[in-house]
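Participant: One structure is given below, represented as structure tokens, and several questions about it will come after.
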Amino acid sequence: MTTTERPQCVEHVDREPRDRDELAAAIAHDIPAGSYVNLGIGQPTLVADHLRPESGVVLHTENGMLGMGRAASPAEVDPDLINAGKVPVTETLGASYFHHADSFAMMRGGHLDVCVLGAFQVSERGDLANWHTGAPDAIPAVGGAMDLAIGAKRVFVMMNLFAKDGAAKLVPECTYPLTGLRCVRRVYTDYATFDVDPESGVRVCETFGISVAELASRMSIELR
Amino acid sequence: MTRTAICDTAAEAVAGIPDGATVLVGGFGMAGMPTTLIDALIEQGATELTIVSNNAGNGDTGLAALLAVGRVRKVICSFPRQSDSYVFDGLYRDGKVALEVVPQGNLAERMRAAGAGIGAFFCPTGVGTPLAEGKELRTIDGRDYVLEFPIRGDVALIGAHIGDRAGNLVYRKTARNFGPVMATAAALTIAEVSRVVDPGEIDPENVVTPGIFVDRILEVS
């Protein structure tokens with residue numbers, strides 16, 4: 001019987017927290033070559049800019065396409081070719097189109113390797129809240145968020161660690177309405193990257209511009 | 001000739017849609033949105049409609065225009081709130097339109113189920129969330145699922161690229177989106193296409209929606 005040695009946490013204290021591009025580059029680096037990947041609307045779309053073509057990563061967009069390319073230039077805009085954020089995009093060689101039931105079968109059937117989503121909150125067990133603030137006057141809109149959360153083999157979250165009021169968004173229990181239960185495996189933030197395990201909780205993998213001790217003092221969950 | 005009617009006018013294409021109908025409307029944003037058929041439906045006058053579509057209208061055209069003239073009682077969709085959904089937003093805040101929010105995959109699969117004669121299905125999406133409240137849950141092989149029921153349309157209005165006189169359709173790029181699913185899920189399926197061709201001009205290997213699912217086709221330029 002062998003034991004797996006747990007990787008050590010790496011602290012990068014003498015620097016600024018990661019900016020959005022650094023965060024996107026870190027996520028792109030961690031996506032295995034050849035993966036089928038869905039990038040959520042908003043910040044996660046930046047990850048595409050850091051994927052190397054030779055990695056063979058294929059991007060899925062839930063409105064019905066595999067092999068999505070970069071955003072279209074003004075001359076390339078085709079109203080029939082858009083991504084899930086309704087932004088005009090391009091196709092890559094080997095791209096394919098399909099209808100919505102097939103597109104969501106790719107998620108719900110567990111065929112997608114990775115999805116990267118934004119979040120309002122993630123719980124220490126990996127519960128995700130990213131579709132609704134719960135505000136009484138908000139118009140609820142869910143799109144494909146719940147299907148992605150439970151469908152992809154691995155769910156990565158990309159977000160700022162602290163909300164504008166300073167509260168950490170990685171929390172003991174989500175207070176916002178949930179998107180999915182125990183679905184998030186990794187959380188990439190400006191200050192740190194975390195592994196999340198539904199059984200054993202949260203482990204800090206790497207910090208940026210903050211020590212683990214200070215991180216722990218600003219969060220209300222136990223960090224392994 | 002086949003049963004599919006090639007319509008000469010938009011009015012003919014939407015004739016007979018009754019008040020209170022459930023209308024499936026294709027499109028994701030404006031891609032695949034059958035705007036000519038929706039404009040004709042506004043002219044035609046049917047009201048108290050239930051609209052099933054991914055979004056609840058963009059800008060002032062298409063679905064937004066139908067909402068603006070007060071013909072819609074209820075919207076079933078996955079993503080009503082967008083930067084340009086001001087027509088829906090106003091009606092919703094004034095209590096003039098009901099909303100059922102459905103996860104996008106459930107929206108597609110519930111219509112697929114309707115079209116395929118499936119009575120209901122257990123699905124993992126939404127377990128533990130507000131959108132599963134009040135629904136039957138079941139654990140199958142250790143995983144939790146929610147019971148979801150079909151969404152059946154009286155009418156489907158869809159946009160496609162090319163249709164032939166046998167009713168077969170092909171789509172273009174991501175404008176395909178809900179079209180093929182909605183075509184199967186409604187009692188009356190009406191497609192607007194940019195070109196109508198003779199049978200045989202679409203390679204049978206490339207047909208996406210077979211003519212059995214399509215009742216009327218309107219060519220729009």
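The values are calculated or read from the model by the stated rules, or taken from the named source; none is laboratory data. The structure displayed is predicted, hence computed values, not measured ones. Note: ideal-geometry Cβ built from the backbone for every residue, glycine included; neighbour counts use all protein chains shown.
Participant: Quick one: would you say A:D190 is out of contact with any Cys (no Cβ under 9 Å at 6 or more places or on another chain), acidic (D, E), farther than 19 Å from A:V116 by Cα and in a loop (DSSP other than H, G, I, E, B)?
Facilitator: no
Participant: Another question about this same structure. Can you pull out the strands (runs of 3 or more DSSP E) entirely within the range B:138-221 that have at least 3 residues that are over 16 Å from the mean Cα position of the chain (by Cα) and within 14 Å of chain A (Cβ to nearest Cβ)?
Facilitator: Because the criterion is at least 3 residues that are over 16 Å from the mean Cα position of the chain (by Cα) and within 14 Å of chain A (Cβ to nearest Cβ), the strands (runs of 3 or more DSSP E) in the range B:138-221 that meet it are B:143-148.
Participant: Turning to a different aspect of this structure: I'd like the residue in the range A:53-68 that is in contact with a Gly (Cβ under 9 Å, 6 or more places away or on another chain) and of a type in the set (A, V, I, L, M, F, W, C) and, out of all such residues, is farthest from the other protein chains (Cβ to nearest Cβ).
Facilitator: A:V57
Participant: If you don't mind, another one. Do the conditions hold for A:L148, that is, is it buried (at least 24 other Cβ atoms within 10 Å of the Cβ) and of a type in the set (A, V, I, L, M)?
Facilitator: Criteria met by A:L148.
Participant: Okay, moving on. For the list (1) within 14 Å of chain B (Cβ to nearest Cβ); (2) surrounded by fewer than 24 Cβ atoms within 10 Å (Cβ to Cβ), I need the number of the one condition that A:F162 fails.
Facilitator: (1)
Participant: Out of the strands (runs of 3 or more DSSP E) lying entirely within the range B:72-125, which hold 2 or more residues that are within 10 Å of chain A (Cβ to nearest Cβ)?
Facilitator: B:98-101
Participant: Does at least one position in the range B:66-79 carry a residue that is within 17 Å of A:I82 (Cβ to Cβ) and either of a type in the set (F, W, Y) or modelled with pLDDT under 95 (or both)?
Facilitator: Checking the range B:66-79: at least one residue is within 17 Å of A:I82 (Cβ to Cβ) and either of a type in the set (F, W, Y) or modelled with pLDDT under 95 (or both).
Participant: Filter the range A:69-120 down to the residues that are part of a loop (DSSP other than H, G, I, E, B) and of a type in the set (D, E), then identify the one that is farthest from the other protein chains (Cβ to nearest Cβ).
Facilitator: A:D113
Participant: Taking the criterion of being surrounded by 24 or more Cβ atoms within 10 Å (Cβ to Cβ), in contact (Cβ under 8 Å) with a residue 40 or more places away in the chain and in contact with a Phe, Trp or Tyr (Cβ under 8 Å, 6 or more places away or on another chain), would at least one residue in the range B:29-36 satisfy it?
Facilitator: Checking the range B:29-36: at least one residue is surrounded by 24 or more Cβ atoms within 10 Å (Cβ to Cβ), in contact (Cβ under 8 Å) with a residue 40 or more places away in the chain and in contact with a Phe, Trp or Tyr (Cβ under 8 Å, 6 or more places away or on another chain).
Participant: Looking at the structure I just gave you, is B:G90 crowded, with 24+ Cβ neighbours inside 10 Å, at pLDDT 95 or above and either over 23 Å from A:I82 (Cα atoms) or in contact with a Phe, Trp or Tyr (Cβ under 8 Å, 6 or more places away or on another chain) (or both)?
Facilitator: Spelling it out, it is not the case that B:G90 is crowded, with 24+ Cβ neighbours inside 10 Å, at pLDDT 95 or above and either over 23 Å from A:I82 (Cα atoms) or in contact with a Phe, Trp or Tyr (Cβ under 8 Å, 6 or more places away or on another chain) (or both).
Participant: Further question on the same structure: So which of A:E222, A:E173 is farther than 16 Å from A:A119 by Cβ, more than 14 Å from the chain's Cα centre (by Cα), surrounded by fewer than 21 Cβ atoms within 10 Å (Cβ to Cβ) and not small (G, A, S)?
Facilitator: A:E222
Matching residues to (1) under 19 Å from A:H100 (Cβ atoms); (2) touching a residue at least 60 places away in the same chain (Cβ under 8 Å); (3) of a type in the set (V, I, T); (4) surrounded by fewer than 24 Cβ atoms within 10 Å (Cβ to Cβ):
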| site | (1), (2), (3), (4) |
| --- | --- |
| B:L147 | no, no, no, yes |
| B:G167 | no, yes, no, no |
| B:Y171 | yes, yes, no, no |
| B:R176 | yes, yes, no, no |
| B:G179 | yes, yes, no, no |
| B:E192 | yes, yes, no, no |
| B:V207 | yes, no, yes, yes |
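Participant: Go through (1) among the charged types (D, E, K, R); (2) crowded, with 18+ Cβ neighbours inside 10 Å; (3) within 14 Å of chain A (Cβ to nearest Cβ) for B:K135 and report which single condition fails.
Facilitator: It is condition (2) that B:K135 fails.
Participant: Of the numbered conditions (1) at pLDDT 95 or above; (2) farther than 28 Å from B:T129 by Cα; (3) of a type in the set (K, R), A:R52 satisfies every one except a single condition; which is it?
Facilitator: (1)
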